[in-house]
1. Please list, ordered by first then second residue, the pairs with beta carbon atoms under 8 Å, 6 or more apart or interchain, first in region 1-18 and within 28 Å of Ser29 (Cβ to Cβ) and without any contact (Cβ under 8 Å) to a residue 24 or more places away in the chain, second open to solvent by less than 100 Å² (accessible area, probe 1.4 Å) and part of a helix (DSSP H, G or I).
2. So which residues in region 20-61 are small (Gly, Ala, Ser) and either open to solvent by 90 Å² or more (accessible area, probe 1.4 Å) or within 30 Å of Leu108 (Cα to Cα) (or both), if there are any at all?
3. Do we have Ile17 as in contact with a Ser or Thr (Cβ under 8 Å, 6 or more places away or on another chain) and either open to solvent by less than 50 Å² (accessible area, probe 1.4 Å) or not in a helix (DSSP H, G or I) (or both) here?
Amino acid sequence: MTRIKRGYIARRRRTKIRLFASSFRGAHSRLTRTITQQRIRALVSAHRDRDRKKRDFRRLWITRINAAIRGMGVSYSYCVFIHNLYKKQLLLNRKILAQIAISNRNCLYMISNEIIK
């Protein structure tokens, strides 16, 4: 009886996993079992941090707007500013307001003065 050579499917699967982990350090890029563990861990972290990134940017924008608003007067704060924005039905999102606060503070002051009136 002649010898049966194994197919290439398992090898192809392992090389695909190895390509994913080629930038990892040490055994995490060399040993198949460790590569699969680290691959799962990396994908879990990526999935978790996609949501966390949105949260972090929102916090950053709120901090920037609050710093710019408090620079105008002590009694005026972020929450009052946003509340007045919604009352006047000015639909500017926090990302745009933060960019205005950094690049053009006078424009933000004009917006806030229009809201207060």
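1. Arg14/Thr32; Ile17/Thr32; Ile17/Ile35; Ile17/Thr36; Ile17/Arg39; Arg18/Ser29; Arg18/Thr32; Arg18/Ile35
2. Ser23
3. Criteria met by Ile17.
The values are calculated or read from the model by the stated rules, or taken from the named source; none is laboratory data. Being a predicted model, the structure only gives us computed values, none of them experimental. Backbone-built Cβ (ideal geometry, glycine too); neighbour counts: all protein chains shown. Remember, those area values only see protein heavy atoms, side chains included, never the ligands or the DNA or RNA. Shrake-Rupley method; radii C 1.70, N 1.55, O 1.52, S 1.80 Å.
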